[in-house]
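Coordinate-derived values only; no laboratory data. Keep in mind that what you see is a predicted model, and the values were worked out from it rather than measured. All Cβ positions, even for glycine, are placed from backbone atoms using ideal geometry, and neighbour counts span all protein chains on display.
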Amino acid sequence: MHGPASSGWLLVALCAATGVSCLLRMRGGGEEQRSAAGGEALMGFGMAAMAVPAAVFTPPSWAWPGYAAVFGAAAVRALWAARSGAHHLHHLVGAGAMVYMAVAMAAAPAHPHGPGGSGVPLLTGALLLYFAGYVLLTGVRLVPVAAVAGGGGRAGWGDRPELARACRLSMGISMVAMLLAL
């Protein structure tokens, strides 16, 4: 992504840590929780890879179409899974945003010393509004989380709903930052 290296590295660290947390969440819960956590881990690691500052590492020309293909497949999977729950629609929007950013970065000339002017301003603005709203809504939902009532036993740390919401919140914030840097 275009932008200052220091904020890029912070974004890489946040997204990678979120990806690891999501991988750990895949160990518990039911199939639906594991599937959602897997999609979120892919998103976290993909965002970390895309956020590496351009001044430090310029990806090869095949990387951007590769990102678009991976996240295009994730979008198709999210579209298929959306039949069973509305949260998958968010995964669809997120994967679509990643495809959009990969295509915009592939089409943009490299700007290692400052922000670039890539992407379609109207689409970028719409995605920014969506993710800013998502961040605000997720943040509000994170505050009053009640304790998990496990059937007599204590729930594992990966089964805690506030952990999943915190991961989604950090990825939403990261998506806003990436769209602003686009």
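The table for this structure:
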item: Amide N of the range 34-58 lying under 17 Å from the label point, which is placed 7 angstrom from the Cα of Ala5 along Cα→Cβ; result: 51-58
item: Potential lengthening between Ala73 and Ala107 on full extension [0.36 nm per residue; Cα-Cα distance subtracted]; result: 10.2 nm
item: Label-point gap, in nm, between Arg165 and Met26 - each point 7 angstrom along Cα→Cβ; result: 2.5 nm
item: Surrounding net charge for Leu142, when Lys and Arg each add one and Asp and Glu each subtract one, Cβ distance under 11 Å; result: +2
item: Inter-probe distance in nm under a simple model that places probes 7 Å from Cα toward Cβ, at Arg83 and Leu122; result: 3.3 nm
